[in-house]
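What follows is one structure encoded as structure tokens, with my remarks underneath.
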Amino acid sequence: MATSNKRAIGNIGEEAVCRFLEQKGAEILCRNYTIRGGEIDIIAQYGDMLLFVEVKTRQPHALQSGAAAVDLRKQQCVRRTAEQYLLKLAQPPAQTRFDVAEVEYAGHTVHRIRYIPGAFY
């Protein structure tokens, strides 16, 4: 799969997760927050909690689940990026949480979102 196609599919998954979070009452603060060596797909405010969300979009019956793709190395990268984001805030949030969203996508349609709150620490 070409990189631009993977990015487009990733964007579809991220957009679906943003809508999902907004329906639950979260406010999307930032998408694709990037620093050297790291990226966070979605940063959202949910009550007094700041959510750092890693989105993994997969076709049905993929060999590896989205959550499994967020290995220790990826978790460390997301944590480091979140720390840099928090340093830029004038008022740090009361709580933070690292979540993973698995998006099942096929035939130009999002079939399912499996949202895993507190997927890692």
Flag if Arg58 is in contact (Cβ under 8 Å) with a residue 24 or more places away in the chain and closer than 13 Å to Ile35 by Cβ: no
Looking only at residues in the stretch 79-116 that are part of a strand (DSSP E or B) and of a type in the set (A, V, I, L, M), which one is surrounded by the fewest Cβ atoms within 10 Å (Cβ to Cβ)? Ala106
If I ask for residues that are of a type outside the set (Val, Ile, Thr), open to solvent by 60 Å² or more (accessible area, probe 1.4 Å) and assigned to a strand (DSSP E or B), which ones from the stretch 27-61 would you list? Glu27, Leu29, Arg31, Tyr46, Arg58
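The values are calculated or read from the model by the stated rules, or taken from the named source; none is laboratory data. Everything numeric here is computed off the predicted structure, so don't read it as measured data. Quick reminder, even Gly has a Cβ in these numbers, built from the backbone with ideal geometry, and neighbours come from all protein chains shown. Only protein heavy atoms, including side chains, enter the accessible area calculation; ligands, DNA and RNA are left aside. Shrake-Rupley method; radii C 1.70, N 1.55, O 1.52, S 1.80 Å.
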